[in-house]
1. Tell me, please, whether a residue that is more than 30 Å from residue 13 (Cβ to Cβ), crowded, with 23+ Cβ neighbours inside 10 Å and modelled with pLDDT under 85 can be found in region 139-157.
2. Could you please find all residues in region 297-330 being within 28 Å of residue 361 (Cα to Cα) and modelled with pLDDT under 80?
3. Select the helices (runs of 4 or more DSSP H) contained entirely in region 334-388, then report the ones holding at least 1 residues which are closer than 24 Å to residue 271 by Cβ, at pLDDT 85 or above and in contact with a strand residue (DSSP E or B) (Cβ under 8 Å, 6 or more places away or on another chain).
4. If you go through region 146-186 one residue at a time, how many are part of a helix (DSSP H, G or I) and under 29 Å from residue 303 (Cα atoms)?
5. Among the residues of region 1-22, write down those that are at pLDDT below 70 and surrounded by fewer than 22 Cβ atoms within 10 Å (Cβ to Cβ).
6. In this structure, does residue 194 turn out to be part of a loop (DSSP other than H, G, I, E, B) and either modelled with pLDDT of 90 or more or more than 30 Å from residue 80 (Cα to Cα) (or both)?
7. Restrict the check to region 419-434 and report whether at least one residue is out of contact with any helix residue (DSSP H, G or I) (no Cβ under 7 Å at 6 or more places or on another chain), part of a helix (DSSP H, G or I) and at pLDDT 90 or above.
């Protein structure tokens, strides 16, 4: 018997935000700790391995972008159908989203596998770092369908307000990753040491197990149980809707990848220590930004449901509750990152130069956290309102255009030069927030006039 479904229509918004976001935050904490374990394992091998893992991240972000697009499209469209109480369309979205995820993952996985070496060379990655990063990403791209299918299944469950299964999969994945990284990377129990390649193999194996678990949970919660086999025939109109909703989210995430690509290009030109420090500091930033991810999921799900039910009051309350919770978290968390920055860096690497560079990065990043949660929350609400295109334009501005204009100039003016990278990122994000606030207010006033 399926568990009782969460009442997204009538329960108080603060309660729903907590109910949806906290499992996501917990799960993403363990997802980030999963990445931290990979970073730790690479750091134990060599600085070159740590730099290779850092250089791989923007390419890995291609897969993350596709996962985000599939999850966002599925959650937004299915939650709207749920709010409108159109359960027939809801079930169709479930089946079509799986077809969409499988098709796009095969395309992206193939393209990524072919062009990985070229993308790394463009970022000025050379020598041992190039060969290590290439072998790592080739293995990861083979597992692309597993990454994307699990995200689509998570989107279905999130649309129903059920975020606990994904949380549980991430907790178990983190614990298993500790064992598999130690086993595959360093060898033992009949397995020869695989070195850096073992990190990628452990990741792909665990993603395959995640798909199986998420499928079982989707069936148990009744999300897929009522979909007939005929529903798995591609429907062009629905596939277009999924692409129209998911592609902007993917491109938005790709702008983040492009931004990381740029920052790695600038960091690599300053040497391996700066590149290694940037990659390590980025992992620590991910932990600090975890609450924003959970609040984003709540904001998009509740907004989409409230739009279907034509409840503008609940949309407005959702936005303010998510912003308020985000503010509380970063007032406490931001100073912890900045004050103890050298300590956080020393957990991953013992090189004094890398620690000092990473600490400078984290202290500037501390100033960006509140801006990031504001920007992410508003863009999530806009996506729930089925206005996903703005995320692309603001992403291109803050991740590509502004850094290209600011970072080279600041690197020339600042000493040490790496400060120019970190301050360029800070100014780019805060200026993006100002633009987002203006656009969000404009959309809200138009929506009120339309529905009144």
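The values are calculated or read from the model by the stated rules, or taken from the named source; none is laboratory data. No experiment lies behind these values; they were computed from the predicted model shown. Because the Cβ atoms are built from the backbone with ideal geometry, glycine has one as well, and the counts that use them run over all protein chains shown.
1. Let us first name the residues in region 139-157 that are more than 30 Å from residue 13 (Cβ to Cβ), namely 139-149.
Pick out the ones that are also crowded, with 23+ Cβ neighbours inside 10 Å and you get 140-141, 144, 147-149.
This time we only want the ones that are modelled with pLDDT under 85, so: none.
No: zero hits.
2. Kept after step one, since they are within 28 Å of residue 361 (Cα to Cα), are these residues of region 297-330: 297, 322-330.
Those that are within 28 Å of residue 361 (Cα to Cα) and modelled with pLDDT under 80: 297, 329, 330.
3. On the way: elements: 341-346, 352-365, 369-384.
In region 334-388, there are no helices (runs of 4 or more DSSP H) which contain 1 or more residues that are closer than 24 Å to residue 271 by Cβ, at pLDDT 85 or above and in contact with a strand residue (DSSP E or B) (Cβ under 8 Å, 6 or more places away or on another chain).
4. Just the residues of region 146-186 that are part of a helix (DSSP H, G or I), to begin with: 146-159, 164-186.
Subset that is under 29 Å from residue 303 (Cα atoms): 146-159, 164-171.
Looking only at that region, the number is 22.
5. Start the filter on region 1-22 by keeping residues that are at pLDDT below 70, which leaves 1-10.
Listed by number, the residues that qualify are 1, 2, 3, 4, 5, 6, 7, 9, 10.
6. Values: part of a loop (DSSP other than H, G, I, E, B): yes; either modelled with pLDDT of 90 or more or more than 30 Å from residue 80 (Cα to Cα) (or both): yes.
For residue 194, the condition - part of a loop (DSSP other than H, G, I, E, B) and either modelled with pLDDT of 90 or more or more than 30 Å from residue 80 (Cα to Cα) (or both) - is met.
7. yes
Rundown of residues vs (1) more than 23 Å from residue 380 (Cβ to Cβ); (2) touching a helix residue (DSSP H, G or I) at 6+ places or on another chain (Cβ under 8 Å); (3) at pLDDT below 80; (4) in a helix (DSSP H, G or I), yes/no style:
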{"site": "24", "(1), (2), (3), (4)": "no, yes, yes, yes"}
{"site": "31", "(1), (2), (3), (4)": "no, yes, yes, yes"}
{"site": "37", "(1), (2), (3), (4)": "yes, yes, no, yes"}
{"site": "48", "(1), (2), (3), (4)": "yes, yes, no, yes"}
{"site": "70", "(1), (2), (3), (4)": "no, yes, no, yes"}
